[in-house]
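Read through the structure below, which is laid out as structure tokens, and then see the notes.
The values are calculated or read from the model by the stated rules, or taken from the named source; none is laboratory data. In this text, all values refer to a predicted model and were calculated from it rather than measured experimentally. Note that each Cβ is placed from the backbone with ideal geometry, even for glycine, and that neighbours are counted across all protein chains shown.
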Amino acid sequence: MATIAATPAHAHESHAHPTGFMSWMSTVDHKRIGTLYLFTALFFFLLGGLEAEIIRMQLQGPNGTLVSAETYNQLFTMHGTTMIFLAIMPLSAAFFNYLIPLQIGARDVAFPRLNAFSYWVYVLGGIFINLSWLLHAAPDGGWFGYAPLTTRAYSPGMNIDFWVLGLQILGVSSLAAGFNFITTIINMRAPGMNLMRMPMFTWAAFVVQFLIVLAFPVITIALVFLMFDRFFGTNFYTTAAGADPLLWQHLFWIFGHPEVYILILPAFGLVSDVLPAHTRKPIFGYPVMVFSLILIAFLGFGVWAHHMFAVGMGPIADTVFGLTTMLIAIPTGVKIFNWIATMHGGSIRFTTACLFCIALVAFFTIGGLSGVMHASPPADLQQTDTYFIVAHFHYVLFGGSMMGLFAGVYHYFPKITGRLLSERIGKWHFWLTAIGMNLTFFPMHMSGLLGMPRRIYRYDAGQGWDGFNLASSIGAYILAVGTLFLVWNIIKSLRSGTRAGNDPWGSPTLEWAIPSPPPEYNFARIPTVTSRYPLWDMKQPALTSEVPHSHRGDKEMEVAVGGKTVGHPHPGPAAQSTRVSESEMHIETETYTPAQVGIVLPDPTVKPFFVALGMVIMLGSPLFMHEAQIREIAGNAAGHRTAMTMFWIFVLGGAALMVGSLYNWLLTPLESDHH
Amino acid sequence: MMLLQAPHYAQQSMIDPAGTKAGAINDFWHFLIVTASIVTAIVFITLFIALAKRRRPADPEAPGEQRSLTRWVTGSVAVTLVIIVVFLFMDFRLGRAIATPPQRTPLRVNVIGHQWWWEFQYPDSATPGNWISTANELHIPVGRPVILRMSARDVIHSFWVPNLSGKKDLIPGHDTETWIEADSAGIYRGQCAEFCGLQHAKMALLVIAEPERQFEQWALGARGAALAPADSTAKAGEQVFLTGGCSVCHAIGGTMAGGTVGPNLTHFGSRLTIAAASLPNTKGNLGGWIVDPQRIKPGSFMPPNALEPDQLEALLAYLEGLK
């Protein structure tokens, strides 16, 4: 993957980045890390998709015999885990990495080496969880891993060990990246870019990072408890010792529901930036769009127990959680209406990216409305844990997140690689995906209403489910073909796609003011921003007449709408530190080496990789302890000793590698030579 | 009576209610789906209108466009809010209506979840030894509320018979309660709705709702001890049961068999299905199940039993005679 991403021809070959294997292992450039995220996440998307295809083959007809109950439970657990933690979140992370510094006019993220560390933890964690397939011991407790089913007593194999350890590893990656992006967005915006001038995607990314840093510690605690129960015999979830299994459910869903917004808000952000470029209209109601992002995130922390109506929390709790859940429909509705208003009266170009945005608006509406239906506790008691729910959240996550991310891929591929994706193949990809998605997931509403529960590896004939399941399976096969078109498009366009130039879509934001792919240093001169849409101000000022501006050269930021001054907000530290007239908005078309423009960039280093490797080895080593415990129970004393020796070698070796590399990293300056 | 085919039961469905609670939820659901369909249709139509009204890049924006769009968005949000308030109101009313059973003398049943079968006890006597204890088939009288007291022996399960009512989880160490009521006689299928491990898919149950008098008759028979073997074959079968491994896990009232790990088989012959409503209770199915349960339900806790053909024949005769 890395080598594919490295091949795009450069406008100035002599100034191209180094492209060897080691250059990718040691990169700290946010753009190359973003590219690594993109292709790794697309790979895991294909893997999770393959798991889904096997599931659909098994359920295509009654009494499916393709896979056993054991394998089926592993498949649906890994499909969910892979898509959530290894595909959609990292796809979003690819765009966070690539776009945040470009959109705010920065040369990199705040902590470039920490950024590399996040990526390596992610990819090694993903490999770790999937190694379980080799032992035929993939996690099989569902992505939600309810205790006590996931405790040793009921899941004695290593399956859940891979899951409980792997998720902790992946959490480290998300948390490190979250703090990195928050710091970047707060501190590194270009002069004049106050918060209400940030592109919508950066806003969505900003909000999501707060969700991540608040939600992931909660699941980490739940996972640490489970890990202690499994490896050290504690009783956090042992009901026989007086534990209440609802502890797991509360902790899991306090994370789990914000996680839904972690998955969907980046797609919302992408659509809000992609749509204006293709409709040639500013996003409608920018401040309301920003506030509804924040409101969705805020309310998202107060709805977790709507996943638990069936446990019987009592009428007060049920009512409150039902109410907060329905309230989320308001800010979400605001976003849908504003997107439609953005399209209304625009001069729309139906590019593939634009089609995916439109599809998000349509499909997410369906998913959102079915979501309101099970916000009501009595209605939910019928719908929960049936295929109706499977239909609902696939409309949200496939019809929402993936459509938005596909729109992002088509829109930003030329920025990332310098070449446009083929529109012809893209249209095939789009229509097959749109048709396949609806054919797969719409009939699931029906099978759910007819009483088909989730997570069953077989069903009897004659229950009215056969036809709907067959339709879903056919839809899934169409989706697979559609996805192959995407793969073909990427491979073909990397080689022979049309050259993109700076700004193939006529977009309004900073990332399009520099060459594609951007030079290592991003901006030779950091631009000064005077409105939300700086490029349109330069190229098509008519488009931004209704957008607030500050006038160039003003000491005070003046907000003007339609040429009339409407206020004087606090200009903020970024605006105060630079006199606006000195370095204004500009477009850069030439690519130089950093030395030519006198910019010092962080040195490449493999230390973050070794810290990540050491950490993953250390955190994965309890598997040997489990093996030792199994051998001990089996009365194999010698085998027990061998496994424990392996455990100590790996845990201490991993720790030594991690701590040693970390010291080495911290003692090395970010930039070696100071000119 | 030996059943030769699958018992006929109603389509397992939440939109074909046969019980008080399922009916009330279904009415509300109809309101939801109609409203949601109208909203979806309006959103799609406005989306198509927005897409159809394309402006040429050179043309200026229509005057007053921003203001009319603002009005439209504000109006849409206001309508959304109104719909949500109506939803909430109806949701509260429904929630209150189905929270407690009607004020008629209820029947009480204990539901105990096991991996992967259901145990039902009718605690209608001070002595637990006199309770009816059965498995996977819940007999209830029509038109009388049934309060289900639920617990789980191992992991979390969820009791769900969609034609009668929504779900309620069975949580180890944390008893829960719900109630159901059937409006009309019939057999209603349900199944476990919370993923509970390997054979979650094959943890089904039947609710057999009968008129009060028939139910009382059933209860009378079910409370009694097992019928004595009718002939010498069945008598030999009883010996196979008691001296083989069977009685370690299974109980048969009136005999020495007192195992509590697996389902109580006192009136096994009158059950419609075996293996948690996975198969019709026929001699052939039962024979296959006893010899190799792992082929039918891999991971089931019932071990395979190597029996001589005549032993198996005798055991089957005995079990099918336990009406």
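Quick notes on this one:
- Only one of the listed residues (B:261, B:240) is touching a Leu at 6+ places or on another chain (Cβ under 6 Å) and touching a residue at least 12 places away in the same chain (Cβ under 8 Å). That residue is B:240.
- Those residues of the range B:251-263 which are crowded, with 23+ Cβ neighbours inside 10 Å and in contact with a strand residue (DSSP E or B) (Cβ under 7 Å, 6 or more places away or on another chain), in sequence order: B:263
- Within the range A:344-357, tally of residues that are hydrophobic (A, V, I, L, M, F, W, C) and at the interface with chain B (Cβ under 7 Å from one of its Cβ atoms): 1
- Residues that are among the small types (Gly, Ala, Ser) and closer than 28 Å to residue B:25 by Cα within the range B:136-173 comprise B:143, B:151, B:152, B:158, B:165, B:166, listed in sequence order.
- So residue B:138, is it more than 10 Å from the chain's Cα centre (by Cα) and of a type outside the set (D, E, K, R): no
- A single entry from A:395, A:410 fulfils the requirement of being modelled with pLDDT of 95 or more, of a type in the set (Ser, Thr, Tyr) and over 25 Å from residue B:56 (Cα atoms): A:395.
- Flag for residue A:482 being more than 14 Å from every other protein chain (Cβ to nearest Cβ), buried (at least 24 other Cβ atoms within 10 Å of the Cβ), in contact with a helix residue (DSSP H, G or I) (Cβ under 9 Å, 6 or more places away or on another chain) and modelled with pLDDT of 95 or more: no
- Top-ranked residue in the range B:102-118 [being surrounded by 13 or more Cβ atoms within 10 Å (Cβ to Cβ) and of a type in the set (S, T, N, Q); ranked as nearest to the other protein chains (Cβ to nearest Cβ)]: B:115
- Checked against (1) at pLDDT 95 or above; (2) farther than 27 Å from residue B:129 by Cα, residue B:263 passes all but condition (2).
- Against the numbered list (1) modelled with pLDDT of 95 or more; (2) assigned to a loop (DSSP other than H, G, I, E, B), residue A:153 comes up short only at (1).
One line per residue, one yes/no per condition, for (1) under 21 Å from residue A:215 (Cβ atoms); (2) assigned by TED's automatic domain parsing to the domain that holds residue A:353; (3) of a type in the set (Ser, Thr, Tyr):
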{"site": "A:254", "(1), (2), (3)": "yes, yes, no"}
{"site": "A:261", "(1), (2), (3)": "yes, yes, yes"}
{"site": "A:269", "(1), (2), (3)": "yes, yes, no"}
{"site": "A:277", "(1), (2), (3)": "no, yes, no"}
{"site": "A:286", "(1), (2), (3)": "no, yes, yes"}
{"site": "A:289", "(1), (2), (3)": "no, yes, no"}
{"site": "A:293", "(1), (2), (3)": "yes, yes, no"}
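- Selected residue [without any contact (Cβ under 8 Å) to a residue 12 or more places away in the chain, within 11 Å of chain A (Cβ to nearest Cβ) and closer than 30 Å to residue B:212 by Cα] from B:126, B:99, B:78: B:99
- Among residues of the range B:18-68, those that are at the interface with chain A (Cβ under 7 Å from one of its Cβ atoms), among the hydrophobic types (A, V, I, L, M, F, W, C) and more than 30 Å from residue B:209 (Cβ to Cβ), counted: 8
- Restricting A:504, A:534, A:519 to residues that are at pLDDT 55 or above, more than 20 Å from residue A:34 (Cβ to Cβ) and not β-branched (Val, Ile, Thr) narrows the list to A:534.
- The condition of being closer than 30 Å to residue A:388 by Cα and more than 7 Å from every other protein chain (Cβ to nearest Cβ) holds for only one of B:71, B:93, that being B:93.
- Being closer than 22 Å to residue B:235 by Cα, buried (at least 23 other Cβ atoms within 10 Å of the Cβ) and among the aliphatic types (A, V, I, L, M) holds for only one residue in B:307, B:315, B:286, and it is B:315.
- Complete set of residues in the range A:443-458 that are surrounded by fewer than 24 Cβ atoms within 10 Å (Cβ to Cβ), in contact (Cβ under 8 Å) with a residue 60 or more places away in the chain and more than 7 Å from chain B (Cβ to nearest Cβ): A:445, A:454
- For the range B:17-53, filtering for residues that are part of a loop (DSSP other than H, G, I, E, B) and buried (at least 17 other Cβ atoms within 10 Å of the Cβ) leaves 2.
- Matching helices (runs of 4 or more DSSP H) fully within the range A:228-343 where at least 3 residues are surrounded by fewer than 24 Cβ atoms within 10 Å (Cβ to Cβ), more than 10 Å from every other protein chain (Cβ to nearest Cβ) and more than 24 Å from the chain's Cα centre (by Cα): A:315-327
- Wholly within the range A:355-463, helices (runs of 4 or more DSSP H) carrying at least 2 residues that are over 24 Å from residue A:512 (Cα atoms) and out of contact with any strand residue (DSSP E or B) (no Cβ under 9 Å at 6 or more places or on another chain): A:377-383, A:387-396, A:423-449
- Among the residues of the range A:596-638, the one identified as surrounded by fewer than 19 Cβ atoms within 10 Å (Cβ to Cβ), of a type in the set (Gly, Ala, Ser) and touching a residue at least 12 places away in the same chain (Cβ under 8 Å) is A:598.
- Boolean, residue B:183 is closer than 30 Å to residue A:146 by Cα, surrounded by fewer than 21 Cβ atoms within 10 Å (Cβ to Cβ) and more than 16 Å from the chain's Cα centre (by Cα): no
- Checking residue A:349 against (1) surrounded by fewer than 23 Cβ atoms within 10 Å (Cβ to Cβ); (2) not in a loop (DSSP other than H, G, I, E, B); (3) not acidic (Asp, Glu), the condition it does not meet: (2)
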